[in-house]
Amino acid sequence: PHSPHIDSIPLPSPITVINMSTYQPATDFYPFSIFTSLTSMQQTVLQSIQLRSPVHVHTPMAHIGTLHGSFTSTSTPGRYITALNAFLFLQSLAASPLDSPTVFSRLSSDMKVRVRAAFYRRNTISPSFCTLAWERFISGQHVAGGPLGIDVLLGSSKVWGFESFSLTGYSVIHLTNSDSFSA
């Protein structure tokens, strides 16, 4: 008699049935492709996410590099940028031809090998063309069908998330080349 009891709450009548074929829970926000236009909802959400530079860019298997804010008006470490600005920069980078002296030359030896492998995986033209295009690119020549920024992203064209503050203390952008995440 003196123990607490829970009152029951009646369900609303009539019961609303959710059509599961059109239902999209909030968790369906990710992944989205770097190569498609963002919806207005995605833009609004990304505009609200603050990242602190330098922002680390990762795949499940590799650290690609860091964004130091050079795509904004300032490159001051610790400066906050929006996930939308970072995404738009990656989107532009992915579609642009690589500029050997400015982008590729600053990569580590390991990343240079990974970028070359990504170029070969992406390129559907004959292996002999890939070899010739790569050699011309390395020698500083502009090559139609040559390496693109997506190769620097190791072929990872899907955004899986933005961390404002990870366990390591950095902001992180998570990329993958798949619609299903696996580490």
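Please treat every number below as a calculation from the coordinates, not as lab data. The structure displayed is predicted, hence computed values, not measured ones. Positions of Cβ are generated from backbone atoms using ideal geometry, with glycine treated the same way; all protein chains shown enter the neighbour counts.
Here are a few things to note about the model shown:
- FRET efficiency estimate (nearest 0.05) - Cβ-Cβ, residue 50 to residue 29, R0 22 angstrom: 0.85
- Distance (nanometres) between label positions extended 7 Å along Cα→Cβ at residue 164 and residue 131: 5.2 nm
- Near-label residues of the range 108-123 by backbone N, under 17 Å of a point 7 Å along Cα→Cβ of residue 139: none
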